[in-house]
């Protein structure tokens with residue numbers, strides 16, 4: 001389809017069903033979705049087995065596909081024990097990942113976004129950084145670690161996150177996840193459903209966070225831009241805001257796979 005990389009997950013240590021259905025809703029007038037999936041997955045062991053079976057992980061495969069593995073915590077795990085879940089997932093996915101995304105920004109796992117706060121983030125990333133050193137020696141490779149953050153952050157919060165990422169030697173940031181805001185879809189069918197809003201309404205919010213991150217992090221710190229890309233121009237706007245590469249989710253629902261090539265060509269024409 002033309003993707004340069006794919007990120008899969010979020011995986012949790014134990015299998016969990018996620019939130020009750022229905023849990024996905026289309027808002028076509030806004031090119032938007034609301035989801036409250038809740039990290040539904042078959043658990044870490046099944047996830048790793050799936051990755052190992054993937055074509056891009058077979059010996060003799062010469063493709064250029066990079067694979068990011070996204071990790072989180074189980075819904076039943078108390079937030080004070082969240083680090084244990086992240087470390088378990090980090091160890092499980094580490095040998096198989098081209099990069100690892102630490103998801104602390106889903107709105108669909110209770111209290112998860114609290115991990116973005118100053119002390120909690122410092123503690124979590126400190127533990128992840130220390131465990132990464134052990135895993136680097138064990139596996140003979142240093143897997144890059146990215147942190148996925150929310151669009152619903154103040155400039156002050158973004159500045160603290162940027163400082164913490166650099167302090168603990170994180171390799172990049174994914175900006176951003178879905179939003180809890182409903183301002184852009186007020187009055188539309190399903191607008192009041194609980195969950196994270198994605199698609200066009202998130203574009204400006206995400207770009208604002210990307211711009212703030214770039215200002216705080218300086219040049220050379222990788223930013224994956226995601227949120228609201230439903231056209232090639234939207235993808236270019238992410239690059240102009242400061243992202244190095246982009247991800248697409250909701251845009252595939254409304255525009256289909258042609259969007260991938262259109263976005264890639266538009267970014268290439270910008271000289272990136």
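Considering 143, 184, the condition of being in a loop (DSSP other than H, G, I, E, B), in contact with a helix residue (DSSP H, G or I) (Cβ under 7 Å, 6 or more places away or on another chain) and touching a residue at least 24 places away in the same chain (Cβ under 8 Å) is satisfied by 143 alone. The test for being at pLDDT 95 or above and either surrounded by fewer than 18 Cβ atoms within 10 Å (Cβ to Cβ) or part of a helix (DSSP H, G or I) (or both) does not hold for residue 228. Among the residues of segment 231-253, those that are touching a helix residue (DSSP H, G or I) at 6+ places or on another chain (Cβ under 9 Å) and assigned to a loop (DSSP other than H, G, I, E, B) comprise 231, 242, 243, 248.
Out of curiosity, is residue 115 under 16 Å from the mean Cα position of the chain (by Cα) and at pLDDT 95 or above? Taking the combined requirement at face value, the residue does not satisfy it. The single condition among (1) surrounded by 15 or more Cβ atoms within 10 Å (Cβ to Cβ); (2) part of a loop (DSSP other than H, G, I, E, B) that residue 189 does not meet is (1). Screening residue 248 against (1) touching a strand residue (DSSP E or B) at 6+ places or on another chain (Cβ under 9 Å); (2) touching a residue at least 40 places away in the same chain (Cβ under 8 Å); (3) under 21 Å from residue 35 (Cβ atoms) leaves a single unmet condition, (2).
The values are calculated or read from the model by the stated rules, or taken from the named source; none is laboratory data. Quantities reported herein were computed from a predicted structural model and do not represent experimental measurements. Glycine also receives a Cβ, built like all others from the backbone with ideal geometry; neighbour counts cover every protein chain displayed.
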